[in-house]
Amino acid sequence: MSDYVVGLDIGTSKVRAIIGEISDDGVFHVTGVGSSPSTGLRKGVVVNIENTVASISQAIETAEMMSGVEVTHCLIGVGGTHIEGINSRGVVAVSGRGRDNREIGKEDINRVIDAAKAIVIPMDRKMLHVVPQSYIVDDQKGIKDPRNMIGVRLEAEVHIITGSATSIKILENSVNRANLLIDAHMFNGLAAVKAVMTEEESELGSIMIDLGGGTTTVLVMAGGAPLYTAVLPVGGIQVTNDISIVKGISAETAEKIKVDEGCCWMPLIEENEEVLLPGVGGRPPLVIPRSEICEIIQPRMAEILTMVHEKIKGIIHSRPFSGNVVITGGGANLPGVVELASEIFDTQAIRIGFPGNYGGLTGDYRSPDYATVIGLFLTAYEQYSKQRTEQIHREYPAKTVSGRIKSWFKEFF
Ligand SMILES: Nc1ncnc2c1ncn2[C@@H]1O[C@H](COP(=O)(O)OP(=O)(O)OP(=O)(O)O)[C@@H](O)[C@H]1O
Ligand SMILES: [Mg+2]
């Protein structure tokens, strides 16, 4: 059997899995995709283990059936309102090789990152990521890679993402109980950024908004690294509930109407557009103007996007942000979301984040709802490639290695 990697996104509305098989030359092809309704989570956190295990198993089995691979391990996404991001910094003296050679080496970089990590994190929280933003060598700021630079003082600015240790443990248990080993974890927001934001956008300063079912995840990127992280306890499920309550219909019917006919920007609705509300309990079906549905959806979507804007407006006004607002997640499928966000954020630099064409992934899956799982999958592949490169380096002499790696990198990029 060929090697494979799997990304698993355990969301509040859906559990999604992607399997990629890796050929002998190191190139990957997506061969399995699975999705199942998720019933064991609230606001991105597991509240019912049995249901979560069942949803995970169903998504994995669907992907397995498509690919023929029997999955035993995966990279999982971690999301939910317990996730927090903080910025920190660390300083060290450059050790160098003797007094006259203060050249910064890998050791110094590791030490300065450790120093930046050494902030007090409560016992009940787990550090998920420590992402370097930039380095300062003596007085020189904004350095991306300080290796081989000369200096006496090295400073690192980092963004640290943490989550509740208990919530993460329960998530891990659910995955293990679905007979899967965990290769690694990744914060869902970073995965979504990887799938839908270009490097240029992330460099120039951009905002990723993932409109999920139970949560809205926000990541502000600047200089190629995260600057701010937040997971808000609001999402598409509330929009569905609003329709269900106002129109007196079941949540299932409300969800279908939202997905098929929903819109969150009134000017997009034509005067004569109508929607059929099915009858409930002997009540006859009712034809209503589509604008009535928009009147319910738009204020709730406006509220969610305003909450996001309130959280980040201080940050985005404190420095130049010349990238884009990139909206993704299932809620990005709602017509009018760009127009509404454009008004709330007072900018035209807004787009929907569609994942790219990775490993032959077909069009159906390259929709915003798949952003997170695609980012997780890509990370699983990167980690696999790194390990493989290290292994080849160990097994083969340097000369033959470079040719071999080059050939499969060339094919991939
Ligand atoms: N075409 C559509 N129009 C409107 N809303 C949609 C559409 N497609 C999906 N959604 C909404 O997107 C939400 C689900 O998004 P997504 O699949 O990204 O969530 P999730 O990852 O399961 O949840 P979370 O990230 O909050 O844990 C649901 O509320 C769903 O109704
Ligand atoms: Mg999600």
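The values are calculated or read from the model by the stated rules, or taken from the named source; none is laboratory data. Everything numeric in this text was worked out from a predicted model, so none of it was measured. When we count neighbours, we look across all protein chains shown, and the Cβ atoms used for this are built from the backbone with ideal geometry, even at glycine. What goes into the accessible areas is simple: the full protein's heavy atoms, side chains included, and nothing from ligands, DNA or RNA. Shrake-Rupley method; radii C 1.70, N 1.55, O 1.52, S 1.80 Å.
Calculate the dipole size of region 168-310 relative to its Cα centre from +1 charges on Lys and Arg beta carbons and -1 charges on Asp and Glu beta carbons; express the result in debye to the nearest 20. Before the final figure, lay out the partial values.
On the way: 9 positive and 20 negative charges, 138 e Å.
Here region 168-310 has a charge dipole of around 660 debye.
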Whole-Hz Karplus ³J(HN,Hα) for region 140-152, in order, using 6.51 cos²θ - 1.76 cosθ + 1.60 and θ = phi - 60°, x for Gly and Pro?
8, 9, x, 8, 7, 10, x, 4, 6, 7, 9, x, 10
I want to check the label-to-label distance for GLU84 and ARG177. Put each point 7 Å from Cα in the C-beta direction and report it in nm to one decimal.
2.8 nm
Just to be sure I understand the curve: with the Debye formula and one point per C-alpha of the chain, what is log10 I(q)/I(0) at q = 0.08 Å⁻¹?
-0.49
Under 5 Å, built H, 5+ apart or other chain: amide partners of ARG42
VAL47
Under a 1.4 angstrom probe, counting protein chains only, how are ASP139, ASP108, ASP369, ASP183 ranked by accessible area, largest first?
ASP139, ASP183, ASP369, ASP108
Points 7 angstrom from Cα along the Cβ direction at ARG42 and SER291: gap in nanometres?
3.9 nm
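Suppose we take every Cα in region 100-194 and form the convex hull; what volume per residue is that in Å³? It would help to have the intermediate numbers written out before the result.
On the way: hull volume 11.7 nm³, N = 95.
Considering the Cα atoms of region 100-194, their hull volume per residue is 124 Å³.
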Ranked by GNM mean-square fluctuation in the chain (Cα springs under 10 Å), the top entry among ILE76, ILE60, ILE297 is ILE297
Considering only protein heavy atoms, with the full assembly of protein chains and a 1.4 angstrom probe, order MET66, MET266, MET186 by accessible area, largest first.
MET66, MET266, MET186
Can you show me the helix-derived [θ] at 222 nm for the chain, built from DSSP H runs with n ≥ 4 at -39,500 (n - 2.57) apiece and divided by the number of residues, rounded to the nearest 500.
-12500 deg cm²/dmol
Could you give each residue of region 278-292 its phi-based ³J(HN,Hα) in whole Hz, using Karplus coefficients 6.51, -1.76, 1.60 with θ = phi - 60°, and x for Gly or Pro?
x, x, 10, x, x, 6, x, x, 10, 9, 10, x, 4, 4, 5
26 Å Cα-Cα reach of LYS169 towards lysines, excluding residues that sit fewer than 8 places from it in its own chain
LYS14, LYS43, LYS117, LYS126, LYS194
Residues of region 10-45 with amide N under 13 Å of a point placed 7 Å along Cα→Cβ from ILE392:
23-28
Amide H of LEU277: which non-local residues (sequence gap of 5 or more, or other chain) have their own amide H closer than 5 Å, using H built in the peptide plane?
LEU286, VAL287, ILE288
Which of ALA17, ALA195, ALA115 moves the most in a Gaussian network model of the chain with Cα springs under 10 Å?
ALA115
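Quote the FRET efficiency, to the nearest 0.05, computed for ASP25 versus THR347 with a Förster distance R0 of 51 Å and r equal to the Cβ-Cβ distance.
Working: r = 44 Å, r/R0 = 0.86.
Efficiency, rounded to the nearest 0.05: 0.70.
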Quick check: pseudo-label points 7 Å beyond the Cα along Cα→Cβ at ALA93 and GLU271, how many nm apart are they?
8.0 nm
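Within the chain, what percent of beta bridges assigned by DSSP are antiparallel, to the nearest 5? Working shown, then result.
Working: 61 of 76 bridges.
The antiparallel proportion sits near 80 percent.
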Along the three principal axes, how long is region 198-352 when you take its alpha carbons, biggest first, rounded to the nearest angstrom?
59, 29, 23
Name the residue, out of THR166, THR240, THR39, whose mean-square fluctuation peaks in a Gaussian network model built on the chain with Cα pairs under 10 Å.
THR166
I need the phi-derived Karplus couplings for region 265-273: 6.51 cos²θ - 1.76 cosθ + 1.60, θ = phi - 60°, integer Hz, Gly and Pro marked x.
9, 3, x, 7, 8, 7, 4, 9, 6
Solvent exposure of region 198-352 as accessible area per residue, Å², 1.4 Å probe:
45 Å²
Other-chain or far-sequence residues with amide H under 5 Å of THR215's (modelled H)
GLY236
How big is the charge dipole of the chain about its Cα centre, in debye rounded to the nearest 20, if each Lys and Arg gets +1 on its Cβ and each Asp and Glu gets -1 on its Cβ?
1340 debye
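Please list LEU8, LEU190 in order of solvent-accessible area, largest first, computed with a 1.4 Å probe with all protein chains present.
Working: LEU8 0, LEU190 25 Å².
Sorted by accessible area, descending: LEU190, LEU8.
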Counting only protein heavy atoms and leaving out ligands, DNA and RNA, the solvent-accessible surface of VAL373 at a 1.4 Å probe, in Å² to the nearest 10, equals 0 Å²
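Counting only heavy atoms of protein chains, what accessible area per residue, in Å², does region 57-109 have with a probe of 1.4 Å? Before the final figure, lay out each step's value.
Values: 2810 Å² over 53 residues.
For region 57-109, the per-residue accessible area is 53 Å².
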Probe radius 1.4 Å, ligands and nucleic acids ignored: give me the carbon and sulfur share of the accessible area of region 10-146 as a rounded percent.
49 percent
